[in-house]
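K.L.:
This is the structure I have questions about; it appears just below.
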Amino acid sequence: MSNKASGITLKCSDVSHLFLSSEAWVLKDISIQIARGEFVAFVGASGCGKTTLLRILAGLLHPTRGMVRVGDQDVTGIPASGRAIVFQGDRLFPWRTALQNTLFGLEVRKVPTRPRWRARRACSSSSAWSAR
């Protein structure tokens, strides 16, 4: 999967992670590619490593093994303004819908209205976005 227009891809290669407090690998040999503008959701049981993988992809956590690249640049363990995560939970604004909470980051970064509307249209096909 790569963005044909820009060729930029977030790529995770053979990522594994072991917390010092654990004897079991939280993640083991995970490899994925996410194209720019692609909407991705990680779904799984509690404790299976979804948040750990998101933190690694965002550069908030350095994996025990493996590499994260944006295009040709190694960004493993390096937080960057071009990557962000939105967590589900009560840290959201309760008066906003799920979609409004998701788009909040674009508002804060003063992303122009047109790209925000494109994001809104891309997300609005799911009825889950109207949930509070």
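The values are calculated or read from the model by the stated rules, or taken from the named source; none is laboratory data. Keep in mind the model is a prediction, meaning the values are calculated, not measured. Don't worry about glycine lacking a Cβ; one is built from the backbone with ideal geometry, like all the others, and counts go over all protein chains shown.
K.L.:
Being at pLDDT below 75 and either within 30 Å of Ser16 (Cβ to Cβ) or of a type in the set (Asp, Glu) (or both) is the filter here; which residues of the stretch 86-113 pass it? Break it down into steps so the answer makes sense when it comes.
P.N.:
Kept after step one, since they are at pLDDT below 75, are these residues of the stretch 86-113: 86-92.
Correct list: Val86, Phe87, Gln88, Gly89, Asp90, Arg91.
K.L.:
Is it fair to say Ser22 is farther than 30 Å from Trp117 by Cβ and either out of contact with any Ser or Thr (no Cβ under 9 Å at 6 or more places or on another chain) or touching a residue at least 60 places away in the same chain (Cβ under 8 Å) (or both)? Lay out the reasoning, then the answer.
P.N.:
Values: farther than 30 Å from Trp117 by Cβ: yes; either out of contact with any Ser or Thr (no Cβ under 9 Å at 6 or more places or on another chain) or touching a residue at least 60 places away in the same chain (Cβ under 8 Å) (or both): yes.
So Ser22 passes the test.
K.L.:
Further question on the same structure: Tell me whether the stretch 48-58 contains one or more residues that are within 30 Å of Arg121 (Cβ to Cβ), at pLDDT below 85 and outside the structural domain of Arg121 (by TED's automatic domain parsing).
P.N.:
no
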